[in-house]
Structures are given as C-alpha cells and as structure tokens.
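Trainee: Sharing a structure here in structure tokens format.
The values are calculated or read from the model by the stated rules, or taken from the named source; none is laboratory data. Everything quoted here is computed from the prediction, not taken from an experiment. Note: ideal-geometry Cβ built from the backbone for every residue, glycine included; neighbour counts use all protein chains shown. For the accessible areas, the whole protein counts, side chains as well, though only heavy atoms, and no ligand, DNA or RNA atoms are used. Shrake-Rupley method; radii C 1.70, N 1.55, O 1.52, S 1.80 Å.
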Amino acid sequence: MMTRIWYPQLDIYHAIRRIAALLYFWEKKTAPLERLYIFDFYFANPPLLHNVHMPADVRETFKELVIQKPEKTFLTYPTPSILFHKMESIQKKAVQAMVAKNLLSSEALHKGKASLSSLGEEFVESRVVGRLSEKDAKLIEFLARSFSQVAEGDSVDLRKRTGLRRMV
C-alpha cells in the first residue's frame, strides 16, 4: 500500500479558495498580482511569517494570532524562496481557472491586478467565507488588513522584507 502526503500549498483547489478569500477581505478589493501571490504564500504557510521583517505595530498584531514558529511545527519547511518558487505554477493556474470561471475580472488581470467579479463575490460569500475556520479568518484578516500595510505600494521593499522574489 502506498500513501501520499497532501500539501495544501501545491493544490490548485486550495489555492483558489485561499486567493478568493484574500481578495474578498482585501481592503481595496483589487490587489497587485505579485503582492497577492506573496500573501497567498503566507496564508498557506503562516509559520513562515515569523521570518518577515515587520513594523512593530504589525508585529504586535501578528503575535496576537499565536502562530507557532517554523521550528516548532510538525512540518520541516524548505527555505521560503524555494517553496515560493514551487508554488508559482499552482498560483498561476488557480488565477487562470478563476478567470475562466468568471470569478476574477479579466480587465484587472490585464493590468497586473486581481479583483473578484460580482460572480466571484457571490461565490466567496456563499462557498468560502462561511467555511473558514476561526484561525483562518483571523489570519486572512491580518494579511489583508495589517500585513498589507507593510511596504504598501512598494514591491521592492516587500521583497526585501520577505525575501521572496518572482517575476510575474
């Protein structure tokens, strides 16, 4: 008998759920793709947020989430940059699938941004938001509201703070 380990970071359906939830809670309702991918990375791998350089007020809000440090978790994480690179194809396929299903605005995507369509909003409200655990809901709220202020509008600074880099 062969067993397989499921990694939610590498599951397209899980990526669709994460991205949809992030966009739903995003304050401006439109997110630059690069930032969205970085935030999705941390939604899928919250212990790795401990390695990010954050302003003191954002760090305090993060501490309230009581997320274990990577070395204290069951999993052994590869370096964030390697895992981020490995997630790239899954994230891009998730975004493409969401556009194909009319959950994302194709107009915003042509501008390098992601935004839920009206159908996407309805989908997230009916199928995603109510099924989030309390811990996931708090993490999304932190990412979309507090963490989104880190290097707001400056992708270079965000990449320096996170150590994640990818061409979109």
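Trainee: Looking at (1) within 15 Å of the chain's Cα centre (by Cα); (2) over 20 Å from Arg59 (Cα atoms); (3) among the basic types (Lys, Arg), which one does Arg159 not meet, given that it meets all the others?
Mentor: Among (1) within 15 Å of the chain's Cα centre (by Cα); (2) over 20 Å from Arg59 (Cα atoms); (3) among the basic types (Lys, Arg), the lone unmet condition for Arg159 is (2).
Trainee: Contact list please: Cβ distance under 6 Å, first residue in segment 23-51 and part of a helix (DSSP H, G or I), second residue among the basic types (Lys, Arg) and open to solvent by 10 Å² or more (accessible area, probe 1.4 Å), pairs at least six apart or on different chains.
Mentor: Once the first residue is part of a helix (DSSP H, G or I) and sits in segment 23-51, its partners that are among the basic types (Lys, Arg) and open to solvent by 10 Å² or more (accessible area, probe 1.4 Å) give His50/Lys69.
Trainee: Here is a check on your reading of the model: is Ala21 under 16 Å from Arg145 (Cβ atoms), modelled with pLDDT under 95 and in contact with a Leu (Cβ under 7 Å, 6 or more places away or on another chain)?
Mentor: No; evaluated as a whole, the condition is false for this residue.
Trainee: A further question follows. Return yes when Ile67 is assigned to a helix (DSSP H, G or I), under 17 Å from the mean Cα position of the chain (by Cα) and not polar (S, T, N, Q) and no when it is not.
Mentor: Answer is no for this residue.
Trainee: Considering Arg127, Arg35, which residue is surrounded by 16 or more Cβ atoms within 10 Å (Cβ to Cβ) and basic (Lys, Arg)?
Mentor: Arg35
Trainee: Can you confirm whether segment 101-116 contains a residue that is of a type in the set (S, T, N, Q), within 14 Å of Pro32 (Cβ to Cβ) and not in a helix (DSSP H, G or I)?
Mentor: yes
Trainee: A follow-up question, please. Out of the residues in segment 66-84 that are farther than 20 Å from Trp6 by Cβ and surrounded by 14 or more Cβ atoms within 10 Å (Cβ to Cβ), state the one that is modelled with the lowest pLDDT.
Mentor: That would be Pro80.
Trainee: Applying the selection to segment 130-159, what residues are open to solvent by 30 Å² or more (accessible area, probe 1.4 Å), within 15 Å of Ile16 (Cα to Cα) and either assigned to a loop (DSSP other than H, G, I, E, B) or not acidic (Asp, Glu) (or both)?
Mentor: Listed by number, the list holds a single entry, Arg131.
Trainee: Go through segment 1-18 residue by residue and tally those that are modelled with pLDDT under 85 and either of a type in the set (Lys, Arg) or closer than 18 Å to Phe142 by Cα (or both).
Mentor: 1
Trainee: Restricting attention to segment 107-121, which residues are among the polar types (S, T, N, Q) and either closer than 14 Å to Leu22 by Cα or surrounded by 12 or more Cβ atoms within 10 Å (Cβ to Cβ) (or both)?
Mentor: Ser115, Ser117
Trainee: Now, a different point. Somewhere in segment 74-95, is a residue of a type in the set (Val, Ile, Thr), in contact with a helix residue (DSSP H, G or I) (Cβ under 9 Å, 6 or more places away or on another chain), within 18 Å of Tyr37 (Cα to Cα) and not in a loop (DSSP other than H, G, I, E, B)?
Mentor: Yes, there is a match, as at least one residue in segment 74-95 is of a type in the set (Val, Ile, Thr), in contact with a helix residue (DSSP H, G or I) (Cβ under 9 Å, 6 or more places away or on another chain), within 18 Å of Tyr37 (Cα to Cα) and not in a loop (DSSP other than H, G, I, E, B).
Trainee: Which residues, counting only those in segment 137-168, are of a type outside the set (Ser, Thr, Tyr), at pLDDT 80 or above and under 21 Å from Lys92 (Cα atoms)?
Mentor: Ile140, Leu143, Ala144, Leu158, Arg159, Gly163, Leu164
Trainee: Still on this structure, I have one more. Out of the residues in segment 52-64 meeting the condition of being part of a loop (DSSP other than H, G, I, E, B) and surrounded by 15 or more Cβ atoms within 10 Å (Cβ to Cβ), tell me which one is farthest from the chain's Cα centre (by Cα).
Mentor: Met54
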